[in-house]
Structure formats: structure tokens, C-alpha cells
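Visitor: One structure, pasted below without further comment.
The values are calculated or read from the model by the stated rules, or taken from the named source; none is laboratory data. Note that the structure is predicted; figures quoted are calculated from it, not measured. Note that each Cβ is placed from the backbone with ideal geometry, even for glycine, and that neighbours are counted across all protein chains shown. The area values use the complete protein model at the heavy-atom level, side chains included, leaving out ligands, DNA and RNA. Shrake-Rupley method; radii C 1.70, N 1.55, O 1.52, S 1.80 Å.
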Amino acid sequence: MIFVNFKTYEQGTGADAIRLVKILEEVAHASQIKIIPVVQAADVREMVATTQLEVWSQHVDPVEFGAHTGFILAEAVVEDGASGTFLNHSEHKFSDFGTLEKAHARALEVGLKTLIFAGNLSELKLILKLNPTFASYEPPELVGSKTTSVAQSKPEAIAEAVEITKAKGLPLIVGAGIKSREDVRKSLELGAVGVAVASDIVTAKDPKEEILDLVEGFE
Ligand code: G3P
């Protein structure tokens with residue numbers, strides 16, 4: 001499976017996000033590889049109206065109905081049709097474990113699947129206590145890398161992350177700098193169930209060519 005994180009890239013926002021999700025859907029159907037667009041909360045409803053793919057939110061906050069100006073309410077993304085949410089991405093980390101725990105509990109309460117990011121192996125051990133649907137190992141220093149990837153630079157860490165998550169019976173997603181079928185193949189060989197990717201697809205001149213290349217890694 002491939003999580004495509006649209007972040008707040010211009011090409012992953014609003015009307016451009018609709019164009020991108022159509023490409024992802026076409027490739028997912030043709031390849032039969034599960035592709036999950038992970039979009040800004042503001043775009044969830046439009047994405048869900050556009051695609052048959054599962055649509056995820058990039059974040060929800062640990063808040064309930066009430067006075068919380070500007071926060072992302074779990075109920076709101078569910079009402080818009082989101083199936084799941086990322087939590088604790090290195091670009092949107094919770095200040096402490098207790099806050100992550102509360103946000104995760106909120107996501108579960110409303111029926112969202114969850115993917116919690118860890119930037120290193122000790123954080124991975126910690127987040128597994130929450131029993132997310134997916135755990136992700138994504139070293140922040142490699143996010144957005146044009147020259148390397150987590151699969152190329154940290155295969156031993158991926159293997160260890162697989163051991164740690166398997167011991168808890170949870171599936172591991174890896175991300176950071178993923179940009180080729182070789183990166184995907186290596187990640188799967190090491191025991192990950194899929195990858196999280198952003199810049200290689202969202203900012204590509206030809207996103208279809210890039211996603212087609214990544215799905216080849218599953219063959
Ligand atoms: O959520 C995945 C994302 O952070 C990876 O970003 O640009 O390294 O593929 P990128």
C-alpha cells in the first residue's frame with residue numbers, strides 16, 4: 001500500500017488535489033495496489049466526492065465539540081468522509097505523548113483508522129503502546145530528500161522497526177525520501193507493508209509516471 005501525503009503543496013491543494021487524486025485512482029485501479037490520498041482537512045469532502053479511494057486526513061486535534069478555534073475536530077473529518085488520519089507527523093508533532101494519546105483516542109472514538117509516525121526507534125516503541133492501525137517509521141532528516149531515502153540510508157533501522165512492530169502484531173509503513181520502485185521493493189523486502197510518500201509524487205512534473213514507477217516495486 002502507498003500513502004500519498006499531499007501536505008500543503010500547491011499541487012496537492014484544492015483543484016490541483018482533485019486532479020492528482022484522479023491520477024492516483026486510475027493507477028490504483030489498474031495496478032490493484034492500495035493507494036491512500038492523505039489530504040488537508042479542508043479538502044477531504046471534495047476528495048471523497050471525487051474518488052472511490054479511501055481518503056485520509058493529515059491530522060486531527062485532541063479536542064471535542066466546543067470552543068477550540070482553528071483546530072481540526074475528528075467528528076468534522078468523519079462527517080466529510082475521511083476513513084483515517086495521520087497523527088504525529090514530523091511536520092505536525094504533538095507536544096507530548098499525553099496529547100498524542102488524547103488525539104488518538106478522539107480518532108478512535110469517531111471510527112477513524114490511524115497511522116502514527118515515529119521519527120526514531122525509541123519513539124516507535126512508545127507510540128506502539130497506543131495500538132494504532134499502522135505505525136510509521138519516518139526519520140525527519142530524510143523527509144523530502146532529493147538524493148537518498150529511508151530505504152537506501154537506513155535499511156538496518158527499517159529491519160529493526162519491523163521487528164519492533166511485528167512483536168506488537170502491527171503493520172509498519174516507512175517513509176522519507178521514497179522515490180523509486182527500488183525504494184519500495186527494499187522497504188517491502190525488509191518487512192514493511194507499504195510506504196508513505198509525498199514530494200516524489202505531489203511535486204512531480206508527471207505524477208502519473210512517478211506513481212506508476214512506485215507501484216512497480218510491489219511486483
Ligand atoms: O508522510 C510522508 C512524507 O512525510 C514523506 O515525504 O517528501 O520525503 O516523500 P517525502
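Visitor: Does segment 162-178 include one or more residues that are surrounded by fewer than 15 Cβ atoms within 10 Å (Cβ to Cβ), within 19 Å of residue 217 (Cα to Cα) and not aromatic (Phe, Trp, Tyr)?
Guide: So far as segment 162-178 goes, no, none of its residues is surrounded by fewer than 15 Cβ atoms within 10 Å (Cβ to Cβ), within 19 Å of residue 217 (Cα to Cα) and not aromatic (Phe, Trp, Tyr).
Visitor: Does residue 204 satisfy the criteria of being within 12 Å of the ligand (Cβ to nearest atom), in a loop (DSSP other than H, G, I, E, B) and either under 17 Å from residue 3 (Cα atoms) or open to solvent by 30 Å² or more (accessible area, probe 1.4 Å) (or both)? Before you say what the answer is, go through the steps one by one.
Guide: On the way: within 12 Å of the ligand (Cβ to nearest atom): yes; in a loop (DSSP other than H, G, I, E, B): yes; either under 17 Å from residue 3 (Cα atoms) or open to solvent by 30 Å² or more (accessible area, probe 1.4 Å) (or both): yes.
Against the criterion (within 12 Å of the ligand (Cβ to nearest atom), in a loop (DSSP other than H, G, I, E, B) and either under 17 Å from residue 3 (Cα atoms) or open to solvent by 30 Å² or more (accessible area, probe 1.4 Å) (or both)), residue 204 qualifies.
Visitor: Within segment 184-196, which residues are surrounded by fewer than 24 Cβ atoms within 10 Å (Cβ to Cβ) and of a type outside the set (Gly, Ala, Ser)?
Guide: 185, 186, 188, 189, 190, 193
Visitor: Considering only segment 106-129, state which residues are more than 16 Å from the ligand (Cβ to nearest atom), free of Cβ contacts under 8 Å to residues at least 40 places away in the same chain and of a type outside the set (S, T, N, Q).
Guide: Residues of segment 106-129 that are more than 16 Å from the ligand (Cβ to nearest atom), as a first pass: 106-112, 121-122, 125-126, 128-129.
Filter once more, so that each one left must be free of Cβ contacts under 8 Å to residues at least 40 places away in the same chain: 108-111, 122, 125-126, 129.
Passing the criteria: 108, 109, 110, 111, 125, 126, 129.
Visitor: Tell me which of these residue 93 doesn't satisfy, since it passes every other one: (1) open to solvent by 70 Å² or more (accessible area, probe 1.4 Å); (2) within 11 Å of the ligand (Cβ to nearest atom).
Guide: Of (1) open to solvent by 70 Å² or more (accessible area, probe 1.4 Å); (2) within 11 Å of the ligand (Cβ to nearest atom), only one is false for residue 93: (2).
Visitor: State the number of residues belonging to segment 135-178 that are free of Cβ contacts under 8 Å to residues at least 60 places away in the same chain and within 14 Å of the ligand (Cβ to nearest atom). It would help to see each step written out before you state the result.
Guide: Of all residues in segment 135-178, those free of Cβ contacts under 8 Å to residues at least 60 places away in the same chain come to 135, 137-172, 174, 176-178.
Filter again for within 14 Å of the ligand (Cβ to nearest atom), leaving 135, 137-154, 172, 174, 176-178.
Residues meeting the conditions: 24.
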